[in-house]
Structures are given as C-alpha cells and as structure tokens.
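Here's the structure, in structure tokens; my notes come after.
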Amino acid sequence: MKRIYLDYAATTPTDPEVARVMSLYLTDRFGNPSSTYSYGQEAKGTIEEARVQVAELIGARDDEIVFTSGGTEADNFAVKGVAFANENKGNHLITTSIEHHAVIETCRFLGGKGFRVTYLPVDEYGLVDPGDVKRAVTNKTILISVMHASNEMGTIEPIAEIGKIAKERGIPFHTDAVQTVGHIPVDVNKLEVDLLTMSAHKLYGPKGIGALYIRKGTKLVPFMHGGEQERRRRAGTENVPGNAGLGRAAELAQQEISEEMERLTYLRDKLIKGILEGIDHTHLNGPPSRRLPNNVNVTFDFVEGESIVLNLDLEGICASTGSACSSSSLESSHVLLAMGLSPEQAHGSLRLTLGKWTTEEMIEQVLDVLPRIIGKLRAISPLLRNHR
Ligand SMILES: Cc1ncc(COP(=O)(O)O)c(C=O)c1O
C-alpha cells in the first residue's frame, strides 16, 4: 500500500538534498570544530556557513543565531535564559494558553521558582488579542512569549503588533516560530521579536537540531555550561551534520517558499471544502484564512479523533488528532479547550497537515476515504445514539 503522509506539522521527511549534504559530515569531514588542524577548521567553516544560511532565512545577523538541539531546547533557553537574567528587575512573565508544551511547561517550572506567569486567553479561532497583552504588562514584566503560529490549528498570531507593545515597554519578546520558519515569510525585524525559536525537522531538515535567534543586546543566561562553543551561550561539541543540514534546509526553503505557499493553500482549501461539504456535522477549527497554508483541523461530531486516525492508518493515511507531542495521551488538547471547544468536540478533532510531497491526487483520495470512515464510526457511535 502506498502511504499518504499528512502529518507534516509533527515532522517532515528530510529532503534528500539535505541528507546528501549531511552525510558528508558523518564520514569524510568528521572533524571537531574546536580542533585547530584542517579537519576541525573545515567543520568550523561549515557551521559558520550554516549560521549565515539560517540568519538569511529570517532576516537576522549570523552572530545572532545560536544552534540548539531543537525547538524544545530553544524554547527552554529563551524563557529560562531571559527570566534568570532579569530576576533583579522583576518576576512576571506573559505567555498564552495555547503555547507548545516546551513553552508552557517551562513557564510552569518557573512558576514554582517564584516567578508569576500570566497565561493569556484566545478567541474562538485561537487568536491572541494584542490589547490583552498590553493590559497584562506590569512594571515587573520581564518577558513576553507568544507563538508565531499554532501547531494544532495553524492560527497565525499578530506577532508584529505584540512586538510593538513589547518594544514600547522595553520588554524582551520571544516567539516560537517552529511551525512558520520555512513555511511563511519570517523576518525578525518586521515581527519586532528579540528571540525566535526554530526547529530543523519541521522544514525538511533532520531531527535533533534547531536554533534560537537572539537579538544583539538581549540579556540571557547561557543554557549549557562547559566549553566555549556558540560564543559561550551553549556549550558542547557542535552537531556538525545537523548544522549543515539545517543550513541547507534553510537555503532550500528560501528558494521554494512562495511557490509552496500558493500550492499548499490551494490544496488546503480544496481539502477543507471537500470535508465540510461532503460530511455533515463537521466544523473547521481555527480561522478560515489567517492560518498556515498547510493546516487543516476539523471536528467531526459524535466520533473520536483517535478512532479516525486508526481507521485512516488502515487505509495508509497518516494524520493526527492534535499536536504530535500530546497525541499519545488521551487528554483533550489544551489548545482546543482554550478556544472554547467542549472536551467531546476536542476529542473529535482531526489534524491533517500538508507538505512538499503532498499531491492533489492524495487530497482526492483522502476526500474519497474520509466520508466512509466517519459514516462507519458514526453508525456505532454511542455519542450519536445519545444525541438522538
Ligand atoms: C510549536 C512548536 N514548538 C516547539 C516544538 C518542539 O520542537 P522539537 O521537536 O524540535 O523539540 C514543536 C514540535 O512539535 C512545535 O510544534
């Protein structure tokens, strides 16, 4: 059976060109970048080239990029790093109720260490109101962290507006842009952010490598202590193949972004229309247009998302019920609950995320299979029986 992969928000396949570049640094060019002989210097050069490639994708300077082990580490580094560096100024952090666990759990951790955290609400589309951010700021606020786009329903947040508020008040502003870098234009100056998280495996690069953009002058405590790598901000021998892979992935993304955005928006809208028109008692989660070009998130009343995912898998289609990180637990998505969905509705949600290798034929196949699956599950659904 030929598989149809529709879970690109969970992870993307590594682009074969990225894998080719990486393999050079696993075998021939294996040097430690800290070594002074040529093998080492060659590896160091590769890291610096990757830093430039990543910086160019987000409109940053290369010395503002610190490589990390992924999005989770970059989020931890940003939030803890700024909080601990500014403890003498205040103890108040502002974030939202729909952040990825990497930010929410870090804030909860800090909440147990004497920091006070405001978790802002969102509207029914998952949008944060910049007015709420403004009202939440106090003279003790030392960090604002709002994600660029939701990994669950693709809502694109008003980051530039929030950036202005943060700048006016002189508060460091972090955004988790794991789902947007490489998928929609991201420019750290237009967004007015001081810190930005990205992860390679969401943009056709490898897992286990990411980066944190740190605007020059932003104070934060180093994440790892040890050697002098990454300008003493993140010690440890560098992941040279990973860096080279992220760099090449960033370069490819820059070349492909406009065409891919247009192609995926067309496929996304075709999928949404087909589902909403073809299956009754179905609702789109998240905004109709202010959403990532590759994200479809729908709730099917009277059925559980988990059963849909299992049945799709039997047909060779990979999808998810929510964020990859929480989909193995049966708890309702905190994001959908924050948007006002009932636990039953949140359980009935299905996320389909598209990418580079998604074709129109695949979308048509899903639109053919899905009504049958939903019909079959509703026929045996106790939720539907109780509703009648
Ligand atoms: C919005 C967001 N932030 C952070 C992460 C964590 O990134 P990583 O898997 O590289 O640790 C993810 C991954 O699902 C994500 O979607």
Any idea which residue in segment 210-232 is least open to solvent (accessible area, probe 1.4 Å), counting only those that are under 20 Å from Ala43 (Cα atoms) and in contact with a Phe, Trp or Tyr (Cβ under 7 Å, 6 or more places away or on another chain)? Ala211
Considering (1) in contact with a Phe, Trp or Tyr (Cβ under 9 Å, 6 or more places away or on another chain); (2) within 19 Å of Ile65 (Cβ to Cβ); (3) surrounded by fewer than 22 Cβ atoms within 10 Å (Cβ to Cβ), say which one Lys167 fails and leave the rest. (2)
Yes/no for Met198 being in a helix (DSSP H, G or I), in contact with a strand residue (DSSP E or B) (Cβ under 8 Å, 6 or more places away or on another chain) and not β-branched (Val, Ile, Thr): no
Among the residues that make up segment 136-146, is at least one of them touching a helix residue (DSSP H, G or I) at 6+ places or on another chain (Cβ under 8 Å), assigned to a loop (DSSP other than H, G, I, E, B), open to solvent by 10 Å² or more (accessible area, probe 1.4 Å) and under 18 Å from Val193 (Cβ atoms)? yes
Examine segment 251-273 for a residue that is over 19 Å from the mean Cα position of the chain (by Cα), within 14 Å of the ligand (Cβ to nearest atom) and either at pLDDT below 95 or of a type in the set (Ser, Thr, Tyr) (or both), and state whether such a residue exists. no
Identify all residues within segment 95-119 that are among the charged types (D, E, K, R) and under 13 Å from the mean Cα position of the chain (by Cα); write none if there are none. Glu99
Which listed residue is in contact with a helix residue (DSSP H, G or I) (Cβ under 9 Å, 6 or more places away or on another chain), within 14 Å of the ligand (Cβ to nearest atom) and under 24 Å from Ser333 (Cβ atoms), from Val79, Val122: Val79
Within segment 109-130, the residues that are assigned to a loop (DSSP other than H, G, I, E, B), of a type in the set (Phe, Trp, Tyr) and touching a Ser or Thr at 6+ places or on another chain (Cβ under 8 Å) are Tyr125
When both residues are 6+ apart or on different chains and their Cβ atoms are under 8 Å apart, which pairs have a first residue that lies in segment 167-181 and is farther than 11 Å from His148 by Cβ, and a second that is outside any loop (DSSP other than H, G, I, E, B) and charged (D, E, K, R)? Phe173/Lys167
List the helices (runs of 4 or more DSSP H) that sit entirely inside segment 8-108 and contain at least 2 residues that are among the polar types (S, T, N, Q) and either open to solvent by less than 10 Å² (accessible area, probe 1.4 Å) or over 23 Å from Leu292 (Cβ atoms) (or both). 38-57
Residue satisfying all of: in segment 172-215; among the hydroxyl-bearing types (Ser, Thr, Tyr) and under 14 Å from the mean Cα position of the chain (by Cα); nearest to the ligand (Cβ to nearest atom) among these: Ser199
Given the options Val309, Val298, name the one that is open to solvent by less than 10 Å² (accessible area, probe 1.4 Å) and among the aliphatic types (A, V, I, L, M). Val298
Identify the single condition in (1) in a loop (DSSP other than H, G, I, E, B); (2) in contact with a Leu (Cβ under 9 Å, 6 or more places away or on another chain); (3) not hydroxyl-bearing (Ser, Thr, Tyr) that Val133 does not satisfy, given that it satisfies every other one. (1)
When (1) crowded, with 20+ Cβ neighbours inside 10 Å; (2) under 15 Å from Leu6 (Cβ atoms); (3) within 16 Å of the ligand (Cβ to nearest atom); (4) at pLDDT 95 or above are applied to Gly322, the one that fails is (4)
Meets criteria (of a type in the set (A, V, I, L, M), modelled with pLDDT under 85 and under 18 Å from Asn295 (Cβ atoms)) for Ala346: yes
Could you tell me whether Val128 is farther than 15 Å from Leu336 by Cα, touching a residue at least 24 places away in the same chain (Cβ under 8 Å), within 16 Å of the ligand (Cβ to nearest atom) and touching an Asp or Glu at 6+ places or on another chain (Cβ under 8 Å)? no
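The values are calculated or read from the model by the stated rules, or taken from the named source; none is laboratory data. Only a predicted model underlies this, so the values are computations on that prediction, with no experimental measurement involved. Positions of Cβ are generated from backbone atoms using ideal geometry, with glycine treated the same way; all protein chains shown enter the neighbour counts. Remember, those area values only see protein heavy atoms, side chains included, never the ligands or the DNA or RNA. Shrake-Rupley method; radii C 1.70, N 1.55, O 1.52, S 1.80 Å.
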